[in-house]
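Below is one structure, written out as structure tokens; comments come after it.
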Amino acid sequence: MTTVPTVAAPAAPAPLVAGVEQRRHLRTAVPGPASLALGERRAAVVPTGVGMVLPAFVERAGGAVLVDVDGNRLVDLGAGIAVVNAGHAHPRVVEAVRRQAEAFLHTCFMVTPYEGYVTVAERLAGLAPVAGPAKTVLLNSGAEAVENAVKIARAATGRDAVVVFDHAYHGRTNLTMAMTAKAMPYKRGFGPFAGEVYRAPMSYPFRDPAGMTGEEAAARAIGSIRTQVGADQVACLVIEPVQGEGGFVDPAPGFLPALAAWCRENGVLLVADEIQTGFGRTGDVFALDHEGVQADLVTVAKGLADGMPLAGVVGRADVMDAVHAGGLGGTYGGNPVACAAALAAMDVLVDEDLSARARGIESLVRTALEAARADAPAIGDVRGRGAMLAVELVRPGTTEPDPAEAARVARTCHQAGVVVLTCGTYGNVIRLLPPLVIDDDLLRDGLGVLVEALTGRPA
């Protein structure tokens, strides 16, 4: 039987964010009776294909705390899958949304444009790791951004082939399913998929041969591309600088710079999928900044608008302009309310230095997880950057994935009021994505629950 960790009495009042106390507190079991009742209604009208990590229905949220319909306050270490980097209901974002909603909700930028879209594009041109003048097309979702990046790359190069990597995740549309590595639950039963997509080996330090450098891993990938496709056939190489759903795989130093150099030498466009890694998440504004790599195209979403649906492709102006008039766009792309939220979120990113805060989160989390290794032999690897961190769980003494242990640890955390997520090709990784505004006391409390779940001992 799972033991739910107790909540220690606080020494001082916890701060309030959007009226929500930044402290974990359980009034009922998780999920509680009101959530269970809503779960029954959900089951009657929502397809079973729509997954659910934790069946606690949220009533409100602020900062890094979710309040469910039973009055439980949950520590959010998932941030809506790396979306609310500035936290739930950040007052500057909420106010920007309110002002824009009062002005107008929609016109379609392709019919009658508005300034917000242009300003977002200007801001992204100054932030994104793209060489030279940049232009942006705004869209609705990460998958839509990846699809458009491939369209742009094919139009600009006149080539068809797209190279992606083992363990990659790029979305749930037909093309992005083809680009995604993991079959279940993302691809099984949904084919046939789009063609001219080729897969290369990723740098995965925990599972690569001991001592393999990033440059050696890149040479391995390039050799695979040459034999599978031929460099002169490749329109673009699409890569997550730190893989997300695939297991928070942080490639060895030198891997990304070597791939970028190969792309430049062979007329291949480098597409950085920064949908999960962008906007301070990894301790830099973008993950490519860590090694000073610049891409031809960068896809963005998630943290861009702190919870409002907005995505985009930011790219070299000459590449973006390769597409004919009318070839890019969409009815809702760059919605004015979402643009207002994005501008406020980017202000918070800079003014509150969320990238530095992500590095502080990394220091605290790594210290706790590394200390837990001695009492948790299932911990095979602790990895990631900034506030994008993970623990890979294996059968003790081996590198054999242990998805059952990952599921048990996640379930234990959920029952104690801490939201964590699992991921990985093998389903054996616990990932942590707290809002970048989380305070240290709340983070320590959530980590204490996770460490106790990993070790079976109080943190």
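Readers should treat all values here as calculations from the given coordinates under stated rules, not as data from a laboratory. Since we're looking at a predicted model, the values are computed, not measured. Positions of Cβ are generated from backbone atoms using ideal geometry, with glycine treated the same way; all protein chains shown enter the neighbour counts.
Shown in residue order for segment 171-184 are the 3J(HN,Hα) couplings computed by the Karplus curve 6.51 cos²θ - 1.76 cosθ + 1.60 at θ = phi - 60°: x, 10, 7, 4, 5, 6, 5, 4, 7, 7, 7, 7, 6, 9 Hz (x for Gly and Pro). Ranked by the mean number of other Cβ atoms within 10 Å of their residues, highest first, the peptides 138-149, 297-308, 264-275 fall in the order 297-308, 138-149, 264-275. Within the shell defined by Cβ-Cβ distances under 13 Å, the residues around D160 carry a net charge of +1, with Lys and Arg each +1 and Asp and Glu each -1.
Remark: relative contact order (the chain) = 22 percent; criterion is Cα-Cα distance under 8 angstrom and separation of 6 or more residues. For segment 39-52, backbone phi angles converted through the Karplus equation (6.51, -1.76, 1.60; θ = phi - 60°) give residue-by-residue couplings of x, 5, 5, 4, 4, 6, 10, 10, x, 5, x, 8, x, 8 Hz, Gly and Pro being listed as x. Size estimate for the chain follows the Kirkwood approach: the inverse of mean 1/r over distinct Cα pairs works out to 22.7 Å. Summary of the geometry: segment 99-141 and segment 373-412, compared by the centres of their Cα atoms, lie 40 Å apart. Normalised by 2.2 N^0.38 Å, where N is the number of residues, the alpha-carbon radius of gyration of segment 91-351 equals 0.99. One Cα centroid belongs to segment 36-98, the other to segment 314-343; the line between them spans 29 Å.
Packing, as the average of other Cβ atoms within 10 Å across residues, places the peptides 179-192, 54-67 in the order 54-67, 179-192, highest first.
Positive end of the dipole of the chain (Cβ unit charges, origin at the Cα centre): among V238, L259, G283, the Cα lying farthest that way belongs to V238. Sorted on the mean count of surrounding Cβ atoms within 10 Å across their residues, most packed first, peptides 123-130, 232-239 read 232-239, 123-130. Normalising the average separation of contacting C-alpha pairs (under 8 angstrom, six or more residues apart) by the number of residues puts the relative contact order of segment 91-351 at 32 percent. Using just its DSSP H runs of length 4 or more, each adding -39500 (n - 2.57), the chain gives a mean residue ellipticity at 222 nm of -11000 deg cm²/dmol after division by all residues. Would any residue of segment 140-164 have its amide N under 16 Å from a label point 7 Å out along Cα→Cβ of C108? List them or say none. In segment 140-164, the label zone of C108 (backbone N under 16 Å from the point 7 Å along Cα→Cβ) covers 140.
Within segment 346-390, whose backbone N sits under 16 Å from a point 7 Å along Cα→Cβ of E291? What the label zone holds, given the 16 Å backbone N cut-off, is 384-386. Residues with beta-carbon under 13 Å from that of A121, excluding A121: net charge, scoring Lys, Arg +1 and Asp, Glu -1? That works out to 0. Across the alpha-carbon atoms of segment 104-159, the computed radius of gyration and Dmax are 13.1, 41 angstrom.
Gain on full extension, evaluated as 0.36 nm per residue between A183 and A374 minus their Cα-Cα distance, stands at 65.3 nm.
Of the beta bridges in segment 91-351, as assigned by DSSP with both residues counted there, near 40 percent are antiparallel. Fully extending the segment from A407 to D318, taken as 0.36 nm per residue of separation minus the present Cα-Cα distance, adds 27.4 nm. Here the label points at A194 and H25, each 7 Å from Cα along the C-beta direction, are separated by 4.9 nm in the simple model.
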